[in-house]
1. Residue separation times 0.36 nm, minus the C-alpha to C-alpha distance between Arg239 and Arg176: what's the value?
2. Show the residues, 5+ positions off or on another chain, whose built amide H is closer than 5 Å to the amide H of Gly188.
3. Residues of the range 439-481 with the amide nitrogen closer than 18 Å to a label point 7 Å from the Cα of Leu231, along Cα-to-Cβ, please.
4. Could you work out how far apart the two model spin labels at Val416 and Ala141 are, taking each label as a point 7 Å from the Cα in the direction of the beta carbon, and quote it in nm?
5. Take the alpha carbon atoms of the range 428-515, find their radius of gyration, then divide it by 2.2 N^0.38 Å using N residues; give the quotient.
6. List the relative contact order of the range 428-515 as a percent without decimals, with contacts defined as Cα pairs under 8 Å and 6+ residues apart.
7. In nm², what is the average projected area of the convex hull enclosing the Cα atoms of the chain?
8. What's the center-to-center distance, using Cα atoms, between the range 27-84 and the range 426-502 in Å?
Amino acid sequence: MTPVSDALESVSAASRLSAARRSADLEALGADPSVDVLVIGGGVTGAGVALDTATRGLTVLLAEKHDLAFGTSRWSSKLVHGGLRYLASGAVGIAYESAVERNALLRVIAPHLTRPLAQVVPLTSGVSRRDAALTRAGFLAGDALRRAAGTPSSVLRRSGRISAADTIAMAPTVRRDGLRGGLLNWDGQLTDDARLTVGIARTAAAHGATILTRCSASQVTGTAATLTDELTGHSITVRAKAVVNATGVWSGTVDPAVTLRPSRGTHLVFRQESFHGLTAGLTVPVPDTFGRYVFALPQPDGRVYVGLTDEEAGGEIPDVPTPSEQEIDFLLDTVNLALDAPLTRADIAGSFAGLRPLLDSGGGTTADVSRKHAVLTREDGLVTVVGGKLTTYRRMAEDAVDAAAKASSLLTGPSVTRTVRLVGAADPATLRTVPAPARLVRAYGTEAAVIAEIARRNPELAVPVADGTEVTGAELVFGALAEGAVDAEDLLERRTRLALVPPVGDAARPAAEAAFAAD
C-alpha cells in the first residue's frame, strides 16, 4: 500500500469515485443493464435526485455527459439564500421554501460547506432615505422568514443598522463621502457550488447509487435510454422503471416538448487586493429598480466575485457560456457606485457566466420569469425537472422522485434527504476538532484530515501548486482518487476552481496532470 492509498483508507470506499470505480461500475452495468431509476444529468439537481432515490432504497444510475457540476451548477453566486429577492416580487411561497432549504443546508446537510455571510448595503449619498427604508423593511421581512423556517439567530443573526465606521471596517473600499452608515443583513454562503454537487453525488454513491461521468444519453424514453461511454465510444441500452431528465438548460434536447427561456447570469472575478480585505458581501442597489442588487462577495483563495446579471440568452446553448461586453460594463458601473476608487477592466482577474434553466412562461423579461421549479411528466413517463435555484435543489429532487414513483408505480416511502448529512459533514463542534487547517475543513469537512494526512506522508504534495493560491497537490490527488475527476480539467475547473483565474489555473496544470499518477 502506498502513502496515498494508505491515507485514503479512512474514507468510506462506497463514497469514493475514481477511474477504477467507474470501470467497475461500467462492467457491472454491462452484466445487468437495469435499474429502478435512471437520472440523466450530473448537476446539483441530478445529483440530488440520485441521492433522494438511493436513500429511499431504490437502485439508481446517474449518467452525466461531461463532469459533475459541468453546467449551471458551478456558475452560481455561491450563496445559500433565504429568498429575500422573491419577497420583493410577492413570491412568498418560493421565499419560504428557500428559507427552509437554507436552514437544512446550514444546520444538517452541509455545515462544513456553508456559513453565515454578512451582507452590507452602504448608505451612500446615492441611496435615498426612501430606498433605505424599503431595503430595511425587506430585511425585517427576511428576519421573519428566517424565524418561520426555524433558523435560530445563533446561526443567522438579525438584520440591523450599522455605523459608517463599521461599514468601512467590513468593506474598506466603500465610498466615504456622504456615507451615513449601512444596513446589515445575514444570509448563507457556500464554500463552492461545484464542491456541493460533488458531495451530493458521493453521498448518493455511499448509499448505493451508480455515478457515471463522461457518459451521454440518447434515445431517451420513460423507461430506457442508450448510454455511450464518451471515453471509449461503447454504448449500452439501459432499462429503467423510471427516467428523470435533470439536464437543466439542455432539458429540451432530451425532451423536445420542454420549452425553456434561458437567462444568463455573469460574475467578474477580482483579487482581494482590489477590495483591500472585503469581509462582508458588499450589496449595491441597481439604480431605478426595486429589490435588485449587484454583490461583491468574498471567496476562498483570496478572490472576490462581483455579480449578478439577468440577460436573455436565446439561440444555441453553449457548453460554457461567456459574459457579454455589456454585462461586464454593467457590473463595473454598478459596483463602482459604492466604491471610493472605481474598478476597471484591468482589475478583472477572470469571469464566468451561467444559464438559468427557466421554464418559458410567455412575455416580459427573464428577470420576471418565475424561479419556481417545475416537474413535468411526459405521456411515456419521462420526468423532467427544470427551473428552481441552487438553494432548493433538495426540494426539486424530492418532487422529481415523487413524480417518477407515481408515473412508474414504484413502491417507495417519503424522502428522507432533509436529515441526511453529506460526506464530510458534521456538527460545528466536531468540525472544530478536525486535525487540519480551517481552510481545508471549510472545503472538505471531516475529510480534511485525510488531505492533511496525504500531505504529511508526501511532503511534495503539501505545498501550493501555483503562485496565487493555497491549493496543494494533496487536494488534487484527493480529487482524482476520491471525487470522480477524470482529467486535469475536472480538477482545475470544478474540484478546486483554480481555473477561474486563468494564469493560476495554467500554472497549476502540471500538478493536476501529475495527480492521476500519484497512486
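Every number here is computed from the coordinates shown, using simple stated rules; none is lab data. Because the structure is predicted, anything quoted here is derived from the model rather than measured. Neighbour counts are summed over all protein chains in view; Cβ atoms, including those assigned to glycine, are modelled from backbone coordinates with ideal geometry.
1. My answer for the length gained is 16.3 nm.
2. Val80, Gly82, Leu117
3. Residues passing the 18 Å test: 476-481.
4. The modelled label-to-label distance comes out at 3.8 nm.
5. After normalising by residue count via 2.2 N^0.38 Å, the value is 1.03.
6. 20
7. If you wrap the Cα atoms of the chain in a convex hull and average its projections, you get 22.8 nm².
8. 23
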